[in-house]
Amino acid sequence: PQTFVEQNLFELFNIQFVATEFFIGQKYAGRIDTLGLDENGCPVIIEYKWTDSETIINQGLFYLDWLMDYKGDFELAVQKSLGLATKVNWDAPRLILIAQSFSKYDSYAVNRIGENIELKVYRLYEENLFYIDDVTGIDASLEREMSKKEEGQSKRSAEVYNLDEHFKGKSDYIVELFSELD
């Protein structure tokens, strides 16, 4: 499945392939499964767990830490793969984690962490049929709200937020992008 995802990275996620099994040096002593560059020029790390997904979030965050510490190494890999003129946009690095399943706690943790992390589940069916789907986002938030209501444990009333509160901690790029869309 990793090879299939890498060969179809652009079609699946609109991401340009940069490298596979990328060695990240002695300090971190590991290999990142897939590196890519998204449509906005932002770095993307993709990590796969084909069986047990128990440590994938921690492992992904570890690799994201490497990415932020070694931007130059990533940019060299991008230039080697996509050409010297390719620019990297560091406003919103992404981490995509792909596994057979995630627990409800994984979804909640990812929503609370505050990083740009996406959880994807995959299924491999007969005749090499490969299916991949998004776990995070609106579905996870709706599920959380529904479970609070069902359990009767909603501890606070709905809060009203203004735009300034939504912009807190966001990069200038995101604020500018919102303004353009607005």
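The values are calculated or read from the model by the stated rules, or taken from the named source; none is laboratory data. Because the structure is predicted, anything quoted here is derived from the model rather than measured. Note: accessible area is taken over every heavy atom of the protein model, side chains too, but ligands, DNA and RNA are not part of it. Shrake-Rupley method; radii C 1.70, N 1.55, O 1.52, S 1.80 Å.
Each residue was assigned an accessible area with a 1.4 Å probe, and for Asp182 the value is about 140 Å². Across q = 0.13 Å⁻¹, the range 35-80 modelled as identical point scatterers on its alpha-carbon atoms has Debye log10 I(q)/I(0) values of -0.34, in the order of the q list. Extension gain for Tyr125-Glu21 works out to 34.9 nm (0.36 nm per residue, less the C-alpha to C-alpha distance). If you bin all the Cα-Cα distances of the range 12-132 at 5 Å, starting from zero, the percentages per bin are 2, 10, 22, 22, 19, 14, 7, 3, 0.
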